[in-house]
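First up is the structure itself, then whatever we jot down about it.
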Amino acid sequence: MLDPDSGLSLTIARIVQRLKGSSLHSQLERQARVSLHKPEIRLETLKEDIKDFLKTSGWEKKLQNAVYSELNVFPSPCHPAAPPEHMKEPLAYMRKAQGSWEKRILKSLNSMCTELSIPLAQKRPVSEQKELLNKWNEMGTDEPDLSLFRPVYAPKDFLEVLMNLRNPNYENGEHPSFRNHLGLIQVPLKVKDIPELKEDFSELGLNIGQLGIDDSAQVPPEFFENEHVRVGQKVLAEQDSAAAQQYVRQGCPTALRADLWALILNISNQPEDILYYEQLKSNVIQHDLLVDSLIYKDVKLTASNDDYYFVFEDYLYQVLLCFSRDTAVLEHFTYSSATPPRSYIRGKLGMEEYAVFYPPNGVIPFHGFSMYVAPLCFLYHEPSKLYQIFREMYVRFFFRLHSISSHPSGIVSLCLLFETLLQTHLPQLFYHLREIGAQPLRISFKWMVRAFSGYLATDQLLLLWDRILGYNSLEILAVLAAAVFAFRAVNLMEVTSLAAAEAVLADLSTLKVMPLLQIFLFATVT
């Protein structure tokens, strides 16, 4: 184990190293130089005077927010003697499983490439570049023939892989299966029980005001909402990321949500950010990638058919096409169990110096990927800001929903948490569904992989995502999935097939997220 002092030193060193290369560092230097010309800065107290200037001019707060953002995103440092792959994923069998899964995805992509005789990437002809530039804001009107393209994989394919995960150390033991777990996930990971979840999500308690609860017995909703808005405005005025993160645990007022999320994610949409987005756009205009067609296909199959999101089709194309070209996304692979796919320049197969990441961001989209972006379109209407928010949400949270890892917010742990909660607190329902061949995870998996996007009404989804940001954790997805089953338990006890169980849970659009979570967490007998 790493002792606390060493861990803190390593964390500080890493944050300093990362911030040194940022635009914030050069801005701070510039501001410090500007302050030297001010009469209140004296030579004998130079250091303290410059610190005071940076504090009063708001730059110290920006630095604090940047440090807080780094602490939220990057995992705690490993022991110096630990191999580098431990930062990605400490368990060898998880790394192996993720590697095998990546090979399957690449095989699927390459076979499509071969079947359709389409290169992975090619430069667009000048005429096509002009045409794309002219219709950039109305790409949804385009109807390319995508009939031959298919999603590289869908959530149900991924679930089959997770079901076959095994810890080899447990396989040959004399003990029965892990904790007599009757679910589909058969790996021994530590997941939280209800008392631990109650402690972690204490702000969701029955006696604490919440946005998204219509009839709190403790505080009249109008009074709480007015006071909550006032506090939210104060948090925004202070521009403090940590305070904003704590604040959104009780929900965001609709009018403040966009600014609060941006503050938590440390997104300010500076001129250089807008320029960066324009460069990504230029890359899209110039080069055609095979994944572009996968993005088009996914948007057409999902968001375009959704009553809430079809109006944002153009935004989705813009954001996702730019995302696929963004090499800054590659950085998240330092703490993700996944490894970016590599391709070789034509005719140079196997020659490492000609290897390139493909797509440039290292992320191959799957069926439903565009639904990570769609809800954000309600909050952000400026493309570069929308893009930055999505990218930050992806590298903090969403990547964990489609990679195999032992992280508490990883999809394997979420599946296990969901099954354990059901098996422990609704054993009759769990056993009944298992007996009729309707394992609950087969129904709930798609909800969790998409973070419930496309399943809940948008206002409810945004209340749920408030809490993901507030707690910097995806565990609430598994709790909500279990709460949905608890809410529909009476009907589910009557069904006799998987199809009938799916029909009972087909429409979640009328559900109220916060009452479900509160009742399940705080009214469940433990």
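Approximating the spin labels as points 7 Å out from Cα along Cα→Cβ, the GLU40-to-ARG342 distance works out to 5.5 nm. Dipole magnitude for the chain: computed about the Cα centre from +1 point charges on Lys and Arg Cβ and -1 point charges on Asp and Glu Cβ, it is near 1180 debye. For the range 437-526, taking the reciprocal of the average inverse distance between every pair of different Cα atoms yields a Kirkwood hydrodynamic radius of 13.5 Å. The tail of the calculated P(r) for the chain, taken as Cα-Cα distances beyond 46 Å, holds 15 percent of the pairs. Among residues other than ILE468 with Cβ under 10 Å from its Cβ, the summed charge is 0 (Lys and Arg +1, Asp and Glu -1). Here LYS135 is the anchor, and the aspartates and glutamates within straight C-alpha reach of less than 15 Å, apart from those fewer than 8 places off in the same chain, are GLU143, GLU313, ASP314.
With all protein chains present, how much of the accessible area of the chain (probe radius 1.4 Å) comes from carbon and sulfur, to the nearest whole percent? That share works out to 55 percent. Computed extension length for ASP273-LYS107: 56.2 nm, one decimal, from 0.36 nm per residue of separation with the Cα-Cα distance subtracted. With R₀ fixed at 41 Å, the C-beta to C-beta distance from HIS381 to GLU29 puts the FRET efficiency at about 0.75. Find how much the distance from VAL356 to ASP507 grows on full extension, using 0.36 nm per residue of separation minus their present alpha carbon separation; answer in nm with one decimal. My answer for the length gained is 50.1 nm. Evaluated with a Cβ-only charge set (Lys, Arg +1; Asp, Glu -1), the range 465-526 carries a dipole of roughly 140 debye about its Cα centre, given to the nearest 20.
The percentage of C-alpha pairs in the range 405-445 whose separation is greater than 17 Å is 30%.
Within the straight-line cut-off of under 27 Å between alpha carbons, the lysines reachable from LYS156 are LYS88, LYS96, LYS103, LYS107, LYS190, LYS192, LYS297, LYS300, LYS446, LYS512, sequence neighbours fewer than 8 places apart in one chain being disregarded.
Within the same chain, lysines fewer than 8 places from LYS55 are excluded, and of the rest, those with a Cα less than 17 Å from its Cα are LYS38, LYS47.
With a Förster radius of 35 Å applied to the C-beta separation of SER497 and LEU148, the computed FRET efficiency comes to 0.55.
Ordering of 124-131, 455-462, 96-103, 193-200 by packing is 455-462, 96-103, 193-200, 124-131, highest average first (other Cβ atoms within 10 Å, averaged per residue). Report the charge-dipole magnitude of the range 409-511 in Debye, nearest 20, computed about the Cα centre from +1 at each Lys and Arg Cβ and -1 at each Asp and Glu Cβ. I would put it at about 140 debye. Tell me, what is the 1.4 Å probe accessible area of PHE310, in Å² to the nearest 10? Surface open to solvent at PHE310 totals about 110 Å².
The values are calculated or read from the model by the stated rules, or taken from the named source; none is laboratory data. This one's a predicted model, so the numbers in the text were calculated from it and none came from an experiment. Here the Cβ is made from the backbone with ideal geometry for all residues, glycine too, and neighbour counts use every protein chain on show. Quick note on the areas: whole protein, heavy atoms, side chains included, nothing else; ligands and nucleic acids left out. Shrake-Rupley method; radii C 1.70, N 1.55, O 1.52, S 1.80 Å.
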